Structures are given as C-alpha cells and as structure tokens.
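What follows is a structure written as structure tokens; I'll ask about it next.
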Amino acid sequence: MRHIPLPRPRRWVLAALTASALLATGCGASTGDAGSGPPPPGANAELHAALPDPIRESGVIRFAGDSHPPYRTVGADGSMTGIDADFQAALGTVLGVRTETSVVDSLPAALQGMLANRYDAFNGPVKVTAERERQFDTVTWMTTRTSYVVPADAPTPIGSTDDLCGRRVAVVSASVVEEQLRQLSAYCANSGRGAVEPIGLADTNATLLAAQSGRAEAAGMTQAAAIDVTAQQQGSYTYVTQTEEQGATADKLALYMPKTGELGPVMQQAFEELFRNGTYDQIMQKWGLSDVRVPAPQLNAGTPA
C-alpha cells in the first residue's frame, strides 16, 4: 500500500461523552496511549499512523447512528446490531481503534452533529450528492433502489408501485427515499392517477407503524431494508420496488465524515482493505445484500472529477 501522509492536526479536541449516551459497537483492541505506541495486533500500521491525531490518540472513532434496520437495530438493552455494527467492527480492527455509536433520531441530527464535532462519522444509508460533499467526505460502499413495504393483510392490495398513486406513503424525513418518492409522485400525477401523499417520520420503525395502523398504505425504505423487514417478519409484509420509468435510480449510499476531520481518505483505504481481504463480501452475504454491493469503494463519488 502506498504511503499516506499524516493529516494536518485538527484544532479541536475530543469532548467528554457520557457512557449512557454511547453504545460500543466495535471490537477493536484498546489502544491506551495510541499516539506513542505501536498499533494493536491485526491493525494496518500505515493506516493507523495516518489517522487524524485526535482519533489516533484517543483510540476511538465516534459514530452517529439512528434506528434503521437492517443497518442498525437498537435493542431494548441499548445494544446495537446490524450491517453498520459489523462494518464498524471490521473498520476498527483494520484501523486499530474502537468504534462507539451515539443514537440520534434523524439524518439531520447526524449531519449537524458531525459538523458540530460531536461525531466523527455516520454510515447512513445516505445518498451521495455533490452538495453534501462540499462539507463531507463520502465513501460509497453500496447501492440501492427504493422499495415500499405493505402489510400483507392490507385492505387494498398493492401489487406494484403503480398502485401507490393517490395513496399515502410513510418515509423517513430528509432521506434518499423521500427524494425518490417525490419522483414516483410526479410520475403518478403526470399519468393522471393522482400524486402520492407523503408522510414524513423520524425513522424506519415509525414508517412501519404508520403502515400497520392504516395511517399510510405503505412504508418507503431502501431495498436493503425492505429485504430485511420481509425476511425477518415472513408473512407479515410484502414489498414493491420503484422502476426507472417512475424516476427510480440506483442510488450510491455512503459513509459520511466531515471534511474538517480529515478522516475520509483514511477510511476509504480501510474500506479497500475490507474489499481485498473478503470481509466486505462476507458481511454483505450475511445480510442478504449481495445484489446491492459495489465492485470497489469510491471516495466522493458525487463530485465531478
């Protein structure tokens, strides 16, 4: 691997975080005085040395994370499982640091929290856009389309996304799915079948509750999340997937980090290591997401070269 120059020291220092606000999701070894000693066993020494000084010296990368199965599922005891937990643990091992997650209630809270230096990273799922990349570095590690989960016993059958025209659909506010739903609604309106009525909510669980209660006819979410919901609750839900004719795109989803923190290029190369050693494929296969994998991670894929 090529040599990576040490990033410029950041002017900020890590704020003290209460234990009750953090969920430990990584399995990286404790680094102690990480700034002066060798990296823990199993870590990539060059990448560990290239970490921003505050992260290397504390031995911790602070993630924000909302409840968003299968990416993150927060248990009643505060434990966290899911794709995100698995990738954070793997990245922590490569980089020789621990990872900790603070639970937030929305995407805006995660983005603003990173800009306020409360968190170092957020693993989405967040769509890559050139506008957001003005403030954040992104590492694309998966792609997805938008799907709509429907209760199996719904009084009005939803056999395709065309059947959502003129109906109510619950989505997570400010998410990639909300943007895709606008495209579906425009398609419906242009075809004379009535626009979709969006219901913006805080998280995926809230959208499912809306669909179950009849407040909405469907819950919009990423294809990966729809696969997980229908697999975990077999017989309870079905789902339909938005087509390109309806404005759907295969969106690039990424890990986000503030540019000021200078973590992005190091995290990109840590992801490259997970691709090389097979860990990426193992995690994607574990969660049934092989069809939304990418051939290689991309740094700032939304910004024109």
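The values are calculated or read from the model by the stated rules, or taken from the named source; none is laboratory data. These figures come from a predicted structure and were not determined experimentally. Cβ coordinates were reconstructed from backbone atoms using ideal geometry, including for glycine residues, and neighbour counts include every protein chain displayed.
Considering only the range 134-173, state which residues are modelled with pLDDT of 95 or more, in contact with a helix residue (DSSP H, G or I) (Cβ under 7 Å, 6 or more places away or on another chain) and within 20 Å of residue 255 (Cβ to Cβ).
Those that are modelled with pLDDT of 95 or more, in contact with a helix residue (DSSP H, G or I) (Cβ under 7 Å, 6 or more places away or on another chain) and within 20 Å of residue 255 (Cβ to Cβ): 135, 136, 137, 139, 141.
Of all residues in the range 105-128, count the ones that are assigned to a strand (DSSP E or B) and at pLDDT below 95.
5
Any residue in the range 59-69 that is at pLDDT 85 or above and over 26 Å from residue 225 (Cβ atoms)?
yes
A quick yes/no check of all residues on (1) touching a strand residue (DSSP E or B) at 6+ places or on another chain (Cβ under 9 Å); (2) surrounded by fewer than 23 Cβ atoms within 10 Å (Cβ to Cβ); (3) among the hydroxyl-bearing types (Ser, Thr, Tyr):
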| residue | (1), (2), (3) |
| --- | --- |
| 61 | yes, no, no |
| 67 | yes, yes, yes |
| 92 | yes, no, no |
| 112 | no, yes, no |
| 128 | yes, no, no |
| 144 | yes, no, yes |
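Take the residues of the range 263-305 that are in a helix (DSSP H, G or I) and exposed (fewer than 15 other Cβ atoms within 10 Å of the Cβ): which is farthest from the chain's Cα centre (by Cα)?
Ranking the candidates gives 276 first.
Here's a follow-up. If we keep just the residues of the range 177-211 that are more than 25 Å from residue 129 (Cβ to Cβ) and surrounded by 19 or more Cβ atoms within 10 Å (Cβ to Cβ), which is nearest to the chain's Cα centre (by Cα)?
Applying the filter and picking the extreme gives 208.
Based on this model, can you work out whether residue 102 counts as in contact with a Phe, Trp or Tyr (Cβ under 6 Å, 6 or more places away or on another chain), of a type in the set (Gly, Ala, Ser) and assigned to a strand (DSSP E or B)?
no
Then there's this: Going by the conditions given, is residue 235 closer than 25 Å to residue 99 by Cβ and over 15 Å from the mean Cα position of the chain (by Cα)?
Answer is no for this residue.
Restricting to the range 217-232, name every residue that is over 15 Å from residue 157 (Cβ atoms) and over 19 Å from the mean Cα position of the chain (by Cα).
230, 231, 232
One line per residue, one yes/no per condition, for (1) under 30 Å from residue 136 (Cα atoms); (2) modelled with pLDDT under 90:
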{"residue": "187", "(1), (2)": "no, no"}
{"residue": "192", "(1), (2)": "no, no"}
{"residue": "196", "(1), (2)": "no, no"}
{"residue": "203", "(1), (2)": "yes, yes"}
{"residue": "233", "(1), (2)": "no, yes"}
